[in-house]
Amino acid sequence: MTIDLVEPYTVYLDRRNELDMRFGKVLRAGGSRAVVSMHIFNALNIDTVVNANQNFAVWQRPTQILNARVVKFSVQFDY
């Protein structure tokens with residue numbers, strides 16, 4: 001049997017801050033255009049707790065943390 005120590009939605013985790021960035025460059029040639037960009041998710045690589053267990057045996061044990069830094073490159077062509 002699982003026993004909750006507190007009522008659901010009464011205890012909250014600390015606020016989390018995440019920095020996502022995007023850099024892009026527009027390239028034009030003739031009548032067409034290309035946009036080259038780089039997206040950086042969680043640029044500071046912070047491992048903040050997103051979800052924690054609220055049960056008696058494992059009180060406040062993290063069950064989910066913020067994803068690690070991810071970089072995505074993309075190119076978009078318009079003609």
> Among the residues of region 32-43, is any without any contact (Cβ under 8 Å) to a residue 40 or more places away in the chain, open to solvent by 90 Å² or more (accessible area, probe 1.4 Å) and either of a type outside the set (S, T, N, Q) or part of a loop (DSSP other than H, G, I, E, B) (or both)?
Replying inline: no
> Within region 44-79, can you find the residues that are farther than 30 Å from Leu5 by Cβ and part of a strand (DSSP E or B)?
Replying inline: Val70, Val71, Lys72, Phe73, Ser74, Val75, Gln76, Phe77, Asp78
> If you check every pair at least six apart or on different chains, which have Cβ atoms under 7 Å apart with a residue in region 1-14 that is modelled with pLDDT under 80 first and a residue that is part of a loop (DSSP other than H, G, I, E, B) and exposed (fewer than 10 other Cβ atoms within 10 Å of the Cβ) second?
Replying inline: none
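Kindly check whether there is at least one residue in region 49-64 that is at positive phi, hydroxyl-bearing (Ser, Thr, Tyr), without any contact (Cβ under 8 Å) to a residue 60 or more places away in the chain and loosely packed, with under 13 Cβ neighbours inside 10 Å. Steps first, answer last, please.
Restricting attention to region 49-64, the residues satisfying the condition of being at positive phi are 60.
Right, trim to hydroxyl-bearing (Ser, Thr, Tyr) and you get none.
There is no residue in region 49-64 that is at positive phi, hydroxyl-bearing (Ser, Thr, Tyr), without any contact (Cβ under 8 Å) to a residue 60 or more places away in the chain and loosely packed, with under 13 Cβ neighbours inside 10 Å.
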> Can you name the condition, by its number, that Thr10 falls short on among (1) in a strand (DSSP E or B); (2) of a type in the set (Val, Ile, Thr); (3) open to solvent by 70 Å² or more (accessible area, probe 1.4 Å)?
Replying inline: (1)
>> For the list (1) open to solvent by less than 90 Å² (accessible area, probe 1.4 Å); (2) of a type outside the set (Val, Ile, Thr); (3) part of a strand (DSSP E or B), I need the number of the one condition that Arg28 fails.
In response: (1)
> Which one is farthest from Arg69 (Cα to Cα), of the residues in region 14-25 that are open to solvent by 70 Å² or more (accessible area, probe 1.4 Å) and over 16 Å from the mean Cα position of the chain (by Cα)?
Replying inline: Lys25
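The values are calculated or read from the model by the stated rules, or taken from the named source; none is laboratory data. Note that the coordinates shown come from a computational prediction; the quantities given were computed from them, not determined experimentally. As a convention, Cβ positions derive from the backbone with ideal geometry for all residues, glycine included, and neighbour counts pool all protein chains shown. Heads up: the accessible areas ignore ligands, DNA and RNA and are worked out on the full protein's heavy atoms, side chains in. Shrake-Rupley method; radii C 1.70, N 1.55, O 1.52, S 1.80 Å.
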